[in-house]
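Remarks on the structure that follows.
The values are calculated or read from the model by the stated rules, or taken from the named source; none is laboratory data. Since the model is a prediction, treat every value here as computed from it, not as a measurement. No Cβ is skipped: glycine too gets one built from the backbone with ideal geometry, and neighbour counts run over all protein chains shown. In case anyone asks, the SASA skips ligands and DNA or RNA and just uses the protein heavy atoms, side chains included. Shrake-Rupley method; radii C 1.70, N 1.55, O 1.52, S 1.80 Å.
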Amino acid sequence: ASINENLSSGNSELDVKTPKLTSCSMEDMNILLASTGIATLFVDQQLHILCFTPAIIQSIKLTPSDIGQPLGSIVSSLGQYDCLEEDIQTVLDTRVPHELELQATSDVWYLLRITPYRILNNTIEGAAITFVDITERKRLEGHYYECDERLHAIVEQTIAGIAQVD
C-alpha cells in the first residue's frame, strides 16, 4: 500500500510538471524563432499556413489572420520567383530539401530554403520555408567581380610583366 501511495504521489507530481515543461519548451522555441531574425514560414501538407516568425513579414506579406489560409492566396514580394508552391510540393513529394538564391526586388536578395517539417515521430507534417537575407553578400560579390574585371583589364593592357607571388 505504501509503494502504491508513493507511485501515485510521484505520478501526480509528473502530471503537474509535464505540461509546465512542455509549455516552457514551446514558449522557448517561439522566442528562439522570433529572435533569430530569420524569416521562417511553416505550411502543412496542403500548403496551408501553420505559423511564421515575425521576420517573414518582410518577405511575404502575412498577418496572424493568414494562419490556416492557403499559401497561394497570399500576396508575396518575391519578384520574378513565382514557383514557391511548386517547389514546396516537390520537397513534400520527394522529402529532399531545396535551396536557391532569389532576387526579390532590385536591391533585396534571399537564400530560400525549403525543408520537410518533421514532428517528433519523424512524420512529415509539412514544410519549413526560410528566407535568409543575403543582400549584403550579393553586394560584396558584385564589388569583388567589378574589382576582378578591372584587374583583369589592367593585366591585359599593361606592357610590363606581372607576376603573382605568395
Tally of residues being open to solvent by 40 Å² or more (accessible area, probe 1.4 Å) and either touching a Cys at 6+ places or on another chain (Cβ under 7 Å) or closer than 21 Å to T90 by Cβ (or both) across the stretch 106-131: 8
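For the stretch 119-160, name all the residues that are out of contact with any strand residue (DSSP E or B) (no Cβ under 8 Å at 6 or more places or on another chain), among the β-branched types (V, I, T) and at pLDDT 80 or above. If you could, list the steps in order and put the result at the bottom.
Of the stretch 119-160, the ones out of contact with any strand residue (DSSP E or B) (no Cβ under 8 Å at 6 or more places or on another chain) are 120-123, 136, 139-160.
Checking which are among the β-branched types (V, I, T) leaves us with 123, 154-155, 158-159.
Once the filter is applied, which keeps residues that are out of contact with any strand residue (DSSP E or B) (no Cβ under 8 Å at 6 or more places or on another chain), among the β-branched types (V, I, T) and at pLDDT 80 or above, the stretch 119-160 yields only T123.
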Residue pairs meeting the criteria (Cβ under 6 Å; at least 6 apart or on separate chains; first closer than 15 Å to S59 by Cβ and in contact (Cβ under 8 Å) with a residue 12 or more places away in the chain, in the stretch 95-109; second open to solvent by less than 80 Å² (accessible area, probe 1.4 Å) and hydrophobic (A, V, I, L, M, F, W, C)): L100/L112; E101/L111; L102/L112; Q103/W109; A104/L78; W109/I134
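So that you can scan it fast, the table gives a plain yes or no per residue for (1) among the β-branched types (V, I, T); (2) within 16 Å of the chain's Cα centre (by Cα):
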{"position": "F52", "(1), (2)": "no, yes"}
{"position": "A55", "(1), (2)": "no, yes"}
{"position": "T94", "(1), (2)": "yes, no"}
{"position": "L100", "(1), (2)": "no, yes"}
{"position": "R118", "(1), (2)": "no, yes"}
{"position": "T130", "(1), (2)": "yes, yes"}
{"position": "T135", "(1), (2)": "yes, yes"}
Test: residue in the stretch 108-118 that is modelled with pLDDT under 90 and closer than 19 Å to C51 by Cα: yes
Condition broken by T94, with the remaining ones in (1) within 24 Å of R137 (Cα to Cα); (2) at pLDDT 80 or above; (3) hydroxyl-bearing (S, T, Y) satisfied: (1)
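Evaluate the following for D82: is it part of a helix (DSSP H, G or I) and among the charged types (D, E, K, R)?
In short, no.
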Checking T135 against (1) open to solvent by 40 Å² or more (accessible area, probe 1.4 Å); (2) more than 18 Å from L62 (Cα to Cα), the condition it does not meet: (1)
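Can you confirm whether R95 is under 26 Å from I31 (Cβ atoms), open to solvent by 90 Å² or more (accessible area, probe 1.4 Å) and in contact with a strand residue (DSSP E or B) (Cβ under 6 Å, 6 or more places away or on another chain)?
Working: under 26 Å from I31 (Cβ atoms): no; open to solvent by 90 Å² or more (accessible area, probe 1.4 Å): yes; in contact with a strand residue (DSSP E or B) (Cβ under 6 Å, 6 or more places away or on another chain): yes.
For R95, the condition - under 26 Å from I31 (Cβ atoms), open to solvent by 90 Å² or more (accessible area, probe 1.4 Å) and in contact with a strand residue (DSSP E or B) (Cβ under 6 Å, 6 or more places away or on another chain) - is not met.
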Lone qualifier among Q58, Q103, Q80, Q69 - being open to solvent by 50 Å² or more (accessible area, probe 1.4 Å) and modelled with pLDDT of 90 or more: Q69
